[in-house]
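Structure first, commentary second.
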Amino acid sequence: GNRMRVLLSRALAPVARVSRPAPSSLAARSAHPAPRADPARRSGRPFRASPGPAASSTGAMQVHQFPCLSDNYAFLLHDPATGATAVVDTPEVAPIEAALRETGWKLTHILNTHWHADHTGGNAELKARHGCVVVGPRGERKGADAIPGVDVSVGQDDIVNIGSIEAKVLDVPGHTAGHVAYHFAEHSKVFVGDTLFAMGCGRLFEGDAATMWRSIQKIINLPRDTAVYCAHEYTLANARFAVTVDPENEALRKRLLETKRARDAGTPTVPTTVGLELETNPFCRPASLGIRALLGMAGATDAEVFAETRRRKDAF
């Protein structure tokens, strides 16, 4: 099949090896050669990693989440078996470097979800420092060049390996034309960038509502216990809007109160889960009779209800 693998060798630099027939992808790959190994990587010694106290693990995959900029999150993903470590998006270099020091992990990959500067702004500096492989979407309007320093461009159903950890790429356009998510099925985690938020969704900068609704369906059709890692702490503002279009939803009202308490305590509300979003996120619930009744759209399609909900959020 049309599958791509980004493989890490314990003895060599993390050079991406690609196996897929798509000419455009190969062209993008050859235009951005993999980074040269630094002397430590060429030594042949395996990477050593010792997870820090803020790192959580499920099975083999460890995730370290931390804030960047004013309301972004970044995530280090670590494979203890090989020492491979990826960061999902690069909003800001200093917090990423601090997280690497705290965990003792060595950065080998960058996984970009989309081209916006608060997701790719640290690519060039981190790649220059660490010689890491940059993986990003191939479908942005400017193509591979939209992602600074990109080595491997990916799209729907491509497979990305961070050491022994495997992710499947989902195309989730709408916020941007080429936005992707990374689904680690074995570890029940999906990293969705700015497509889906806790009780919200991304603005439609480069796609229409029907496109975004199709993208969100790919995420909410994953198993209900899948942890959803979104890229911003927008949850309280999203909840305050959500209750205006779904006021009879008891689970939503309860979650609004829980979110207020969490944010008052400085506690992150990310990750969420597919199941929780299906219960409380109006952008995942256009079939809801209560939402449809409030909007006066009993006979509309799900995409039309989603579009009206997004329009109201834009004006909220």
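Protection proxy ranking for 301-307, 149-155, using the average of other Cβ atoms within 10 Å per residue and placing the highest first: 149-155, 301-307. Taking every DSSP bridge with both residues inside segment 117-194, close to 80 percent are antiparallel.
So with the 1.4 Å probe, I'd like the accessible area per residue for segment 175-316, rounded to whole Å². If you can, show how the numbers build up before the last one.
Working: 5820 Å² over 142 residues.
So segment 175-316 comes to 41 Å² accessible per residue, rounded to a whole number.
Of the peptides 256-267, 218-229, the order by per-residue mean of other Cβ atoms within 10 Å, starting with the highest, comes out as 218-229, 256-267.
Antiparallel beta bridges, as assigned by DSSP with both residues in segment 164-316, represent about 75 percent of the total such bridges.
For segment 198-278, a simple Cβ point-charge model (Lys and Arg +1, Asp and Glu -1, everything else neutral) yields a dipole of about 120 debye relative to the Cα centre. Split the accessible area of segment 90-236 by element, probe 1.4 Å, and carbon with sulfur accounts for 50%. Here K313 is the anchor, and the lysines within straight C-alpha reach of less than 29 Å, apart from those fewer than 8 places off in the same chain, are K142, K189, K218, K254, K260.
The values are calculated or read from the model by the stated rules, or taken from the named source; none is laboratory data. Since the model is a prediction, treat every value here as computed from it, not as a measurement. All Cβ positions, glycine included, derive from the backbone under ideal geometry; neighbour counts span all protein chains shown. Side chains included, ligands, DNA and RNA excluded: accessible areas come from the protein's heavy atoms. Shrake-Rupley method; radii C 1.70, N 1.55, O 1.52, S 1.80 Å.
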